[in-house]
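What follows is a set of notes on a single structure, which appears directly below.
The values are calculated or read from the model by the stated rules, or taken from the named source; none is laboratory data. Bear in mind that the values here come from a model prediction, so they are computed numbers and not experimental data. So basically every Cβ, Gly included, is an ideal-geometry build from the backbone, and we count neighbours across all protein chains shown.
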Amino acid sequence: MAKIIVNGETQEVLLPLNLTELIKQNDVSQPDMVSVQVNDDFVDRAEWDGLQIKEGDIVDFLYFMGGGM
Amino acid sequence: MIDFTEEQIKRYSRHILLQDVGVEGQEKIMNARVLVVGAGGLGAPVSLYLAAAGIGTIGIVDADVVDLSNLQRQVIHFTKDVGVPKVKSAKEKIEAINPDVKVDTYFEFLDSSNALDIIRQYDFIVDGTDNFPVKFLINDACVMAEKPFSHGGILRFNGQTFTHLPGTACYRCMFKEPPPAGAVPTCSQAGVLGAIAGMLGTIQAAETLKYFTGVGELLTNRLLTFDAKTMLFRTVTVKHRDSCPICGSSPTIDHLIDYEQAACDLKSH
Ligand SMILES: [Zn+2]
């Protein structure tokens, strides 16, 4: 088990785990609508599969929010 | 230096009383020129508070007319305004609140042909639009014209905002490009709790006033999000991205882009 922080909350996850799998585990229903930052750096969509989560990672999901009218 | 009339001193006394604002701060507010893009859910509270605060000139861009379904959240428009251009309805309310304010109206869509010309005339831009193509357009035009702006987005029970100053993280630093059109839920499809627009819009108005008065720390390099269901607010630190396609060290975008309108087009709500 590894401890990581997702959106400000501690989560325990089983490694190995890549970013795409973490997104799935967090029930992000529309991955198209999310931008992901790991340890303060944005990760391009194309790199999600290749990015392995490690102990202590800080992950933030930023959701597209388009409303306003 | 503006010579305040007695009426103005009284009208703005609660600002003037604030040590951080004072007469000098109020004068800056009264010399300010702000562009509000969208006279809808966010644009309504933004415009009302900026008008009350005495912003010198408020420009409003909106190509829509008031619809009955707008009134649940767009508090600058009244029942009698249904069918009236939103810019006209908004101008009327602003002038009624504060005759000191000059209002410029643009009864048109903001697009690549007019965005820079309009934006360049203002000191600060507020994004109150409801679709990604225009949100990206505002971002790109403001980065190109080196204008500060406040970004705002709402959805269902959630809101999101940040403030951009030249050199700080922009919308594309966080979201590289618009999401695929089919994936986009916006107000008309997804719904939004009316008061959420007020919560987010007043944050944008406060950021605008902070910008002109220089008070405190702006929401730069930070994305504020809240969930009204839990009333949890969260600020995520975001960095200016060197590989950003518009504000990075070797930008790949050198002109404004009219993205295809997402599923919720401006006329459909
Ligand atoms: Zn950027």
Note: among B:196, B:125, just one is closer than 26 Å to residue B:55 by Cα and touching a helix residue (DSSP H, G or I) at 6+ places or on another chain (Cβ under 6 Å), namely B:125
For segment B:252-262, the count of residues that are at pLDDT 95 or above and either within 12 Å of chain A (Cβ to nearest Cβ) or within 12 Å of the ligand (Cβ to nearest atom) (or both) equals 2
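List the strands (runs of 3 or more DSSP E) inside segment B:63-164, counting only whole elements, that have at least 3 residues being within 14 Å of chain A (Cβ to nearest Cβ). Walk me through how you get there before you give the answer.
Working: elements: B:102-106, B:124-127, B:149-155, B:158-164.
Hits in segment B:63-164: B:124-127, B:149-155, B:158-164.
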On the given criteria, is residue B:175 under 12 Å from residue A:67 (Cβ atoms), of a type in the set (A, V, I, L, M, F, W, C) and either within 10 Å of chain A (Cβ to nearest Cβ) or more than 12 Å from the chain's Cα centre (by Cα) (or both)? no
Per the list (1) more than 16 Å from the ligand (Cβ to nearest atom); (2) in contact (Cβ under 8 Å) with a residue 24 or more places away in the chain; (3) more than 17 Å from the chain's Cα centre (by Cα), residue check on residue B:144 breaks on (1)
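Just need a number here: residues in segment B:98-126 that are in contact (Cβ under 8 Å) with a residue 12 or more places away in the chain and either over 24 Å from residue B:69 (Cα atoms) or touching a Lys or Arg at 6+ places or on another chain (Cβ under 6 Å) (or both). Quick ask: steps written out before the conclusion?
First, the residues of segment B:98-126 that are in contact (Cβ under 8 Å) with a residue 12 or more places away in the chain: B:98, B:100-112, B:115-116, B:118-126.
If we keep only those that are either over 24 Å from residue B:69 (Cα atoms) or touching a Lys or Arg at 6+ places or on another chain (Cβ under 6 Å) (or both) as well, we get B:98, B:100-105, B:111-112, B:115-116, B:118-125.
The number of residues fulfilling the criteria is 19.
Can you name the residue in segment B:206-249 that is small (Gly, Ala, Ser) and either farther than 21 Å from residue A:44 by Cα or more than 12 Å from the ligand (Cβ to nearest atom) (or both) and, of all such residues, is nearest to the other protein chains (Cβ to nearest Cβ)?
Of the residues in segment B:206-249, the ones small (Gly, Ala, Ser) are B:206, B:214, B:216, B:228, B:243, B:248-249.
In the following step, the residues that additionally are either farther than 21 Å from residue A:44 by Cα or more than 12 Å from the ligand (Cβ to nearest atom) (or both) were identified as B:206, B:214, B:216, B:228.
Details: B:206: 17, B:214: 27, B:216: 23, B:228: 13 Å.
This residue is B:228.
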So, first residue closer than 16 Å to residue A:51 by Cβ in segment A:9-37, second residue among the acidic types (Asp, Glu) and surrounded by 12 or more Cβ atoms within 10 Å (Cβ to Cβ), Cβ within less than 8 Å, six or more apart or across chains; the pairs are A:19/A:47; A:36/A:60; A:37/A:60
Restricting segment A:1-51 to residues that are among the small types (Gly, Ala, Ser) and assigned to a loop (DSSP other than H, G, I, E, B), the one surrounded by the most Cβ atoms within 10 Å (Cβ to Cβ) turns out to be A:8
Reported set for segment B:126-170 where residues are under 18 Å from residue B:197 (Cα atoms) and in contact with a Pro (Cβ under 6 Å, 6 or more places away or on another chain) is B:132
Log entry, pairs with first residue in segment A:58-69 being at the interface with chain B (Cβ under 7 Å from one of its Cβ atoms), second being in a loop (DSSP other than H, G, I, E, B) and hydroxyl-bearing (Ser, Thr, Tyr), beta carbons closer than 8 Å, six or more apart or on different chains, reads A:66/B:186; A:67/B:186; A:68/B:129; A:69/B:129
